[in-house]
1. Restricted to segment 1-38, and to residues that are surrounded by 10 or more Cβ atoms within 10 Å (Cβ to Cβ) and part of a loop (DSSP other than H, G, I, E, B), which residue is modelled with the highest pLDDT?
2. So for segment 112-130 (the condition being surrounded by 10 or more Cβ atoms within 10 Å (Cβ to Cβ), modelled with pLDDT of 85 or more and within 29 Å of the chain's Cα centre (by Cα)), does at least one residue qualify?
3. Take Leu79 and decide whether it is surrounded by fewer than 10 Cβ atoms within 10 Å (Cβ to Cβ) and either modelled with pLDDT of 85 or more or in contact with a Cys (Cβ under 6 Å, 6 or more places away or on another chain) (or both).
Amino acid sequence: MQKAARHSIPRGFRPTYTPCLYKECQDLLKQYEEYGDPDIADHLIESLDAARRHRWEKLTSKMNFTHSSRKSWALIRRLGVAQQPPKSTHPSVSTNAVAAHLIQVAKATHDNKFERQVRMQGRILLQHMSDKSLPHHSVKRRF
């Protein structure tokens, strides 16, 4: 049985299937691989687009829901239109995750030098508040 399987089951390289890669497109692809000319690549892409558009128009013009709706619905299913997205019962993001992210992002950098400077200026202002006179040279404005 194994001998028959080895003999009849193909092994090895399978060429990659490219939809609508007809003879003209294959010739253009070989030319592009040989020369690397961007104009040939543009012509190849345009040719592939035209072939795919023609194939799509041919396929959709054959759709007939009155005669054979099975083929039409099979095409729609293959396109993925008939599939309903899965319904999610729980949100993908929890409230705790949002809160943790906001706390992490909203933290301001801590500058000890600036904090000490603000405290000293506050003390100086409080000392001079009792005198009702503010010294202009000791208070620095920071804008």
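1. Asp37
2. No, that holds for no residue.
3. Numbers: surrounded by fewer than 10 Cβ atoms within 10 Å (Cβ to Cβ): yes; either modelled with pLDDT of 85 or more or in contact with a Cys (Cβ under 6 Å, 6 or more places away or on another chain) (or both): no.
For Leu79, the condition - surrounded by fewer than 10 Cβ atoms within 10 Å (Cβ to Cβ) and either modelled with pLDDT of 85 or more or in contact with a Cys (Cβ under 6 Å, 6 or more places away or on another chain) (or both) - is not met.
The values are calculated or read from the model by the stated rules, or taken from the named source; none is laboratory data. Bear in mind the structure is a predicted one, so any value in this text is a computation, not a measurement. Every residue, glycine among them, receives a Cβ derived from its backbone with ideal geometry; neighbour counts consider all protein chains shown.
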